[in-house]
Amino acid sequence: MSAQLRIYDIKQGTMEDFAAKVDEELLPIRLDHGFRRSGPWIVEESYQYVWIVHYDGEEPFEEVDKRYYADPRRDEMSFNPMDYITRLDTRMLTPI
């Protein structure tokens, strides 16, 4: 199992819109590539959106992630996530 912690600083006043669009448009594409999600959570005082992306398949996380980002459906989304994100922090997690 592979997991990646993703922490996004979100522009003030856009959290609800961002979260809804992630659920409606971005998440289904992730799920189609074999990922699953824990969360999301919001850190209210720092306006952060936090989630964990899991991948349980045989291929390396990085390879499947590349295919996800290359998926043409991402270009068809009604939003660009980076229009909402002011800073992102991604970290691979290691189970113990």
Quiz item: Mind checking which pairs have a first residue in segment 65-83 that is basic (Lys, Arg) and a second that is in a loop (DSSP other than H, G, I, E, B), Cβ under 7 Å, 6 or more apart or different chains?
Solution: ARG67/HIS33
Quiz item: Of all residues in segment 49-64, which are closer than 16 Å to ARG6 by Cα and free of Cβ contacts under 8 Å to residues at least 12 places away in the same chain?
Solution: GLU62
Quiz item: Is segment 33-40 home to any residue that is outside any strand (DSSP E or B) and surrounded by 12 or more Cβ atoms within 10 Å (Cβ to Cβ)?
Solution: yes
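For segment 22-62, what are the residues that are in contact with a Ser or Thr (Cβ under 7 Å, 6 or more places away or on another chain) and closer than 19 Å to ASN80 by Cβ?
The answer is GLU25, TRP51.
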Quiz item: Do you know which residues across segment 44-96 are hydrophobic (A, V, I, L, M, F, W, C), in a loop (DSSP other than H, G, I, E, B) and surrounded by 10 or more Cβ atoms within 10 Å (Cβ to Cβ)?
Solution: MET77, PHE79
Quiz item: Which condition number does HIS33 fail, the rest of (1) more than 11 Å from the chain's Cα centre (by Cα); (2) over 17 Å from ARG73 (Cβ atoms) being met?
Solution: (2)
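Only the coordinates and a few stated rules stand behind these numbers; no lab work does. Owing to the predicted nature of the structure, the values given are computational and were not obtained by experimental measurement. Positions of Cβ are generated from backbone atoms using ideal geometry, with glycine treated the same way; all protein chains shown enter the neighbour counts.
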